[in-house]
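To keep things clear, I will list the structure first and then write my remarks on it.
No lab work stands behind these numbers, since they all come straight from the coordinates. These numbers were taken from a predicted model, which means no experiment stands behind them. Positions of Cβ are generated from backbone atoms using ideal geometry, with glycine treated the same way; all protein chains shown enter the neighbour counts.
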Amino acid sequence: MLSDRYAPPQQLYGTAYGQMLEKVRYQGAYPTRERADEAVRLVLAGLGRQLTGDERVDLAACLPPEAARVLTAQIPDPQPLTGWAFVKDLATRTGASLATTRWDTGSVFSAVAAYAGPDLITRILHQLPTGYALLFGRAELTQAA
């Protein structure tokens, strides 16, 4: 039996998306690229239901085309979810535990942040309700009263 290193590369996705999956796979310590792909598709679809306007368009422009399509295929919810409600919603949709879903979200958002850069992530965090900064690996900033 041939080992995977002699197998021809999969042509299911482009090079940029493959690199994104490897980043998520490494970040999330997933055993396979397919598991990383599941996490990316779940989390980006969820984020696509939360983001609107220029931030949505600008984020899609930063991501590999396959990831951008997952994000933009979603219709934004009229009432965006808090970060915690976002994780609970994804867990409910998949039947996964909250801990696993939180891990998936952090792993994917880490890769998304690397593509988007700090300025766009800051703009995204200003648009979303509370609780997303921690999911993106940032401190949750609160407004002074």
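Taking Cα atoms, how many degrees apart are the long axis of helix 118-127 and the longest axis of the chain, rounded to 10 and kept between 0 and 90?
Helix 118-127 sits at roughly 50 degrees to that axis.
In nanometres, what is the gap between the two model label sites at residue 15 and residue 75, each 7 Å from Cα along Cα-to-Cβ?
Reported label-point gap for residue 15 and residue 75 is 3.8 nm.
Report the one residue of 31, 79, 91 whose Cα lies farthest in the direction of the positive end of the charge dipole of the chain (charges on C-beta: Lys and Arg +1, Asp and Glu -1; origin at the Cα centre).
Going by the Cα projections, it comes out as 31.
Just to confirm the number: angle between the C-alpha axis of helix 83-94 and the first principal axis of the chain, 0 to 90 degrees, nearest 10?
So the helix axis and the longest Cα principal axis differ by about 40 degrees.
Size of the dipole of the stretch 17-143 about the Cα centre, Lys and Arg at +1 and Asp and Glu at -1 on the beta carbon, nothing else charged, in debye to 20?
220
Rounded to whole Å, give me the distance from the Cα center of the stretch 27-44 to that of the stretch 97-141.
A separation of 16 Å, based on Cα centres.
I'd like the orientation of helix 98-116 relative to the chain: the angle between its Cα long axis and the longest Cα principal axis, in ° from 0 to 90, rounded to 10.
Roughly 90 degrees, rounded to the nearest 10.
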